Amino acid sequence: MSSKFVYLIAVLGGMSVAQSRAADDAAAYLVSGPERAPVTLAHGGCVRTSQWTPDSSYGPCQPLPFRVAMDALFDFDSAVLNIDAERALDALTQHLAEAHYQKVEITGRADRIGRADYNRKLSEQRAQAVRDYLVAQGMDRGKIAISGLGSVESATRGLCESFHGEALVQCLQPDRSAEVTVIGTQASATR
């Protein structure tokens, strides 16, 4: 089974102190045209100049939170990362090597099979496994927070209601996952 992971990129809403002084930081980003629109990369990050600093902002060029939802990381009733999980996490680590990140939040999940307290503990162990792997790849442990949701917020929702036994275990695979949310900024294409 191949690992599925999706990058969801979203800019934080609301007016911040950084946004209120955005016009002051235009030199920190590559801009184009008379409207001085920031040049963005395919994933939505803004191209930075050599004048960029971690607190720079200009228009939509804010620190970006991005979320990586990964299923197929764990086998049934296990908090041990499988081979596909390691490949997905290696790709994430490589992406983050090019980013300035302030915080990483890892949320583990479990399927609905079993007691709620057991599933919560298992989901925390899954988040710990992802954190430990990322730390072993060189990420800063002090910037990583973990939590476990157990079987709440199911990815499968009611899709597996008619399944039983091994078919149910297979159907619930997407619920045996971890979600990684990173708050940071993408590195510049020009260094």
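The HN-Hα couplings worked out from phi for region 127-137 by the Karplus form 6.51 cos²θ - 1.76 cosθ + 1.60 (θ = phi - 60°) are 4, 4, 4, 5, 4, 4, 5, 5, 5, 5, 8 Hz, whole numbers, x standing for Gly and Pro.
For Lys121, put the label point 7 Å out on the Cα→Cβ axis and report which residues of region 142-181 keep their amide N under 14 Å from it. Backbone N within reach: 150. One chain, two ends: Val39 and Gln128. Fully extended at 0.36 nm per residue, the span grows by 28.3 nm beyond their Cα-Cα distance. Annotation for Lys103 and Asp90: the two label points, set 7 Å from Cα along the Cα-Cβ direction, are 3.1 nm apart.
In this structure, the amide hydrogen of Ile146, modeled 1.01 Å from its nitrogen in the peptide plane, lies closer than 5 angstrom to those of Ile106, counting only residues at least 5 positions away or on a different chain. Scanning residues 5 or more positions from Tyr101 or on other chains, those with amide H under 5 Å from its amide H are Thr185, with H placed 1.01 Å from N in the peptide plane. Backbone geometry of region 46-52 corresponds, through the Karplus equation with coefficients 6.51, -1.76 and 1.60 at θ = phi - 60°, to 3J(HN,Hα) couplings of 8, 6, 9, 9, 5, 8, 5 Hz, x marking Gly and Pro.
Values quoted throughout were computed directly from the atomic coordinates according to the rules given, and no laboratory measurement underlies them. In this text the structure is predicted, and so the values were computed from the model without any measurement. When we count neighbours, we look across all protein chains shown, and the Cβ atoms used for this are built from the backbone with ideal geometry, even at glycine.
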